[in-house]
Amino acid sequence: MIDAHTHILPTVDDGASDKEEAIRILKNGIADGVKTFILTPHIRNDADWNKIDAIKQAFVTLKKECAERELGIELILGAEISITPDLPHKIDSNPLITINEKHVLVELPFLQLPIYTEHVLFKLLVKGVTPIIAHPERYMYLKGKSEIIRQWVENGVMLQINTGSLIGLYGMQAKRTAKKLLKEGLVHLIGSDVHSDKKKDYGFSRGVGIIKKIAGHEMTHKILVSYPWEVIRAKS
Ligand SMILES: [Fe+2]
């Protein structure tokens with residue numbers, strides 16, 4: 001299985017604090033059935049954009065470490081980028097921070113939907129970069145706004161929900177919204193959004209179990225196989 005949203009890359013954001021914690025998180029994921037990890041450190045401000053070289057270096061180092069330990073997994077570099085009006089422009093000068101230069105995981109603010117959201121999503125799509133909205137079920141202002149979300153998806157935007165939302169880690173509202181999005185066929189990818197090794201239970205397989213129960217066979221296959229494959233094998 002493919003975990004599309006993780007904070008495992010050490011020392012570059014609020015995720016893993018060192019190499020050993022990163023390895024422990026990866027092992028928790030492997031035990032829970034994950035074979036491919038998309039590494040998506042936060043990029044939230046100008047200081048984070050200036051860390052991109054450090055992020056790339058940390059990626060090369062972790063990949064080498066995993067190969068030496070023969071973990072048998074695939075690591076793919078991406079980022080979870082907070083939406084800003086100049087995001088499409090910033091990606092031009094940092095194309096390697098997108099997943100295979102074709103997809104970008106976009107975080108929205110938790111309090112309010114920015115007025116420039118549509119414009120930014122549209123500009124990314126026009127560039128041939130597909131925005132993946134990170135955990136839409138966690139933004140309370142999107143509660144009951146299926147029509148906005150459906151419009152995004154019809155325009156080509158992808159949605160990633162957190163397995164933790166399905167198992168209740170973020171409360172009832174996020175759980176309800178995640179299930180509703182699944183039932184409506186609006187989900188493309190799942191991610192753990194893991195930040196540490198504190199919970200031994202990675203939570204991925206339990207989330208997948210819920211998806212299998214409520215999304216139906218065809219949709220489950222798309223979420224677990226087809227869409228992630230489309231993202232990680234995309235070529236410019
Ligand atoms: Fe995240």
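Key figures for this structure:
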{"quantity": "Residue in the stretch 89-97 that is closer than 28 Å to Lys222 by Cβ, open to solvent by 20 Å² or more (accessible area, probe 1.4 Å), touching an Asp or Glu at 6+ places or on another chain (Cβ under 6 Å) and more than 16 Å from the ligand (Cβ to nearest atom) present", "calculated": "yes"}
{"quantity": "Scope the stretch 141-165; condition in a helix (DSSP H, G or I), within 17 Å of the chain's Cα centre (by Cα) and either closer than 17 Å to Gly29 by Cα or of a type in the set (Ser, Thr, Tyr) (or both); matching residues", "calculated": "Thr163, Gly164, Ser165"}
{"quantity": "Output for the stretch 166-196, where each listed residue is touching a Ser or Thr at 6+ places or on another chain (Cβ under 6 Å), within 12 Å of the ligand (Cβ to nearest atom) and in a strand (DSSP E or B)", "calculated": "Val194"}
{"quantity": "Unique residue being surrounded by 14 or more Cβ atoms within 10 Å (Cβ to Cβ), within 16 Å of the ligand (Cβ to nearest atom) and under 16 Å from the mean Cα position of the chain (by Cα) when the list is Val106, Val129", "calculated": "Val106"}
{"quantity": "Hey, Asp13 of a type outside the set (Gly, Ala, Ser) and within 15 Å of the ligand (Cβ to nearest atom) or not", "calculated": "yes"}
{"quantity": "Close pairs (6 angstrom Cβ cut-off, 6 or more residues apart or separate chains): open to solvent by less than 40 Å² (accessible area, probe 1.4 Å) and hydroxyl-bearing (Ser, Thr, Tyr) in the stretch 178-205, within 15 Å of the ligand (Cβ to nearest atom) and assigned to a helix (DSSP H, G or I) anywhere", "calculated": "Ser192/Thr163; Ser192/Phe204; Tyr202/Gly29"}
{"quantity": "Scope the stretch 206-233; condition among the aliphatic types (A, V, I, L, M) and crowded, with 16+ Cβ neighbours inside 10 Å; matching residues", "calculated": "Val208, Ile210, Ile211, Ala215, Met219, Ile223, Leu224, Val231, Ile232"}
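The values are calculated or read from the model by the stated rules, or taken from the named source; none is laboratory data. Just so you know, these numbers come straight off a predicted model, no measurement behind them. Methodologically, a virtual Cβ is constructed for each residue, glycine included, from the backbone with ideal geometry; neighbour enumeration extends over all protein chains shown. Ligands, DNA and RNA are excluded from the accessible area calculation, which covers all protein heavy atoms including side chains. Shrake-Rupley method; radii C 1.70, N 1.55, O 1.52, S 1.80 Å.
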